[in-house]
Amino acid sequence: TQLLEQSPQFLSIQEGENLTVYCNSSSVFSSLQWYRQEPGEGPVLLVTVVTGGEVKKLKRLTFQFGDARKDSSLHITAAQPGDTGLYLCAGAKGTYKYIFGTGTRLKVLA
Amino acid sequence: DTAVSQTPKYLVTQMGNDKSIKCEQNLGHDTMYWYKQDSKKFLKIMFSYNNKELIINETVPNRFSPKSPDKAHLNLHINSLELGDSAVYFCASSQEGRRETQYFGPGTRLLVL
């Protein structure tokens, strides 16, 4: 059962454009993580959000956790080719179990 | 300097064979995980081990048997491989107090013919 739906599934944009990726669920999570995965490698953690409504910034990336802790968004400002990759959200269900989202494949064209 | 390492990186085998994938972490973490990523890039947890004890088993067929000889290692043995087992298998680890920060290995690409 897919518990975390990401949208869009694919995104191809020009360098310098802004974009937002959404991660939605009907379940409540104790925390939510965003990862980026590049071809041939494992996912790398970008950020963890814990509190409902929390906003975190990582350079040009802004992450927000929904008030009800069921959804999250990732906004990238002035995208660069180096931002290309597979973005995955993951929600924590308890201490040792993580549900990953369906993924968003981003391609930023120079 | 590799934090989480897996061997082999590629594994091509015939249906019905038995194979093992090894994972080692040098981060001193107390929890390790196995995930399966399918061709659509969907990543699904298979097992979680804390201090060498099985914590999570996500309805994985019993052909898959994880073994943790110590806190730094979590191996995955697969019996009677099936075509549907073809995927990328990722090992990860995390630590008490920062449980949500998982470090992933580079993955093992398994192809069953």
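The values are calculated or read from the model by the stated rules, or taken from the named source; none is laboratory data. What you are looking at is a predicted structure, and each value in this text was computed from that prediction instead of being measured. Reconstructed Cβ throughout: ideal geometry from the backbone, glycine too, with neighbour counts over all protein chains shown.
Values as computed for the structure displayed
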| quantity | calculated |
| --- | --- |
| Wholly within the range B:1-85, strands (runs of 3 or more DSSP E) carrying at least 1 residues that are without any contact (Cβ under 8 Å) to a residue 12 or more places away in the chain | B:53-57, B:64-70 |
| Any hit, the range A:8-18, residues being under 23 Å from B:I55 (Cα atoms) and surrounded by fewer than 16 Cβ atoms within 10 Å (Cβ to Cβ) | no |
| Residue within the range A:53-65 that is more than 16 Å from A:S7 (Cα to Cα), among the aliphatic types (A, V, I, L, M) and assigned to a loop (DSSP other than H, G, I, E, B) present | no |
| Matching residues, the range A:4-50, being within 11 Å of another protein chain (Cβ to nearest Cβ), assigned to a strand (DSSP E or B) and of a type in the set (S, T, Y) | A:Y35, A:T48 |
| Any chance A:A79 is away from chain B (no Cβ under 14 Å), buried (at least 17 other Cβ atoms within 10 Å of the Cβ) and either more than 13 Å from A:F29 (Cβ to Cβ) or modelled with pLDDT of 95 or more (or both) | yes |
| Any hit, the range A:84-101, residues being within 10 Å of the chain's Cα centre (by Cα) and assigned to a loop (DSSP other than H, G, I, E, B) | yes |
| Out of B:T13, B:T7, B:T2, B:T59, sole residue that is over 29 Å from A:Q9 (Cα atoms) and surrounded by fewer than 12 Cβ atoms within 10 Å (Cβ to Cβ) | B:T2 |
| Looking only at the range A:82-110, and only at residues there that are more than 13 Å from every other protein chain (Cβ to nearest Cβ) and not hydrophobic (A, V, I, L, M, F, W, C), the one that is nearest to A:P39 (Cα to Cα) | A:T84 |
